[in-house]
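Note sheet for the following structure.
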Amino acid sequence: MNARYVVIDDEKGSRDVLTGFLNKYCPEIRPAGEAETVDSAYKLITSLNPDLIFLDISMPDYDGFALLEKFGKVDFEVIFVTAYEEHARRAIKSNAVDYLLKPIGIVELKDAVGRAIQRIRDKKMLADSRELIGKGPLPAKPEKITVPVKDGFIYVNIADIIRCEADGGYTWLHFENREKVLVTKTLKEFEDLFLHDQFARVHHRHLISLKFVAKYNHGRGGQVIMTDGVAIEVSQRKRSEFLQRIGIKE
């Protein structure tokens, strides 16, 4: 993996420590630059287009969240590195990869970088697939995917996923033959990843596999009964698209 990262922290000592750890323990990513203010970080990111940033929250001019708000769309992954615990919930809502407290633990750092790399790979695979649309058949989709969980990664069969359920910045994966798993990816990321698979977004909280639809009940938006017996509301906005996907005329 040749991902590039930027370290943003107003304290040079903190930047040096983190960069040293990354050089020693995370050789799969490489440094692209450093910044000590939000304004200089914005210019640096705009110029370099890094894959990943390590972002301090408390800085003299603005906080780290103000930097993210400068971007209409955040195309890079974010790992917050801070001395304060109170911003963790906001960090999760911003879809950050992780929230690391200073002093940084090596195991936690390596796990966070691993999750970031997986996200970067997933996005690249999606971009490559979209680029090939209109240029011939798409390459075969993998039968298994790697998904990040709080303590590492697991491998799952796409064909075994009944549905994906949003839970803030996380997603519950519900399977046919195993316990549900909480994954540190957003539902939108799974929707993009399964773009060419038999999945349909039926609600802002639910992405379902059409393979496991047992019944559809009419209503304002309707209701889907899955093969595991769970009833899922279909939003009115998603109704027409969903019915078209399953071959029902309104």
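The values are calculated or read from the model by the stated rules, or taken from the named source; none is laboratory data. As the structure is a prediction and not an experimental result, all values here were calculated from the model. Note that each Cβ is placed from the backbone with ideal geometry, even for glycine, and that neighbours are counted across all protein chains shown.
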Completion exercise
Taking the stretch 185-214 and the residues there that are in a helix (DSSP H, G or I) and charged (D, E, K, R), the one that is surrounded by the most Cβ atoms within 10 Å (Cβ to Cβ) would be Glu189
Exercise for the section: Tell me, yes or no, whether the stretch 75-89 has at least one residue that is in a helix (DSSP H, G or I) and either out of contact with any Lys or Arg (no Cβ under 8 Å at 6 or more places or on another chain) or outside the structural domain of Asp122 (by TED's automatic domain parsing) (or both). Expected result: yes
Fill in the blank from the handout: Within the stretch 215-231, residues exposed (fewer than 13 other Cβ atoms within 10 Å of the Cβ), in a strand (DSSP E or B) and not small (Gly, Ala, Ser) come out as Lys215, Asn217
Practice task
Considering only residues that are under 19 Å from the mean Cα position of the chain (by Cα) and modelled with pLDDT under 90, look in the stretch 72-86 and name the one that is surrounded by the most Cβ atoms within 10 Å (Cβ to Cβ).
Solution key: Val74
Exercise for the section: Hey, could you check the stretch 87-103 for residues that are among the charged types (D, E, K, R) and surrounded by fewer than 18 Cβ atoms within 10 Å (Cβ to Cβ) and say which is nearest to the chain's Cα centre (by Cα)? Expected result: Lys93
Practice task
Look through Arg201, Arg237 and report the one residue that is of a type outside the set (Val, Ile, Thr), assigned by TED's automatic domain parsing to the domain that holds Pro148 and over 21 Å from Arg119 (Cα atoms).
Solution key: Arg237
Completion exercise
All conditions in (1) surrounded by 19 or more Cβ atoms within 10 Å (Cβ to Cβ); (2) touching a helix residue (DSSP H, G or I) at 6+ places or on another chain (Cβ under 8 Å) are true of Ser14 except (2)
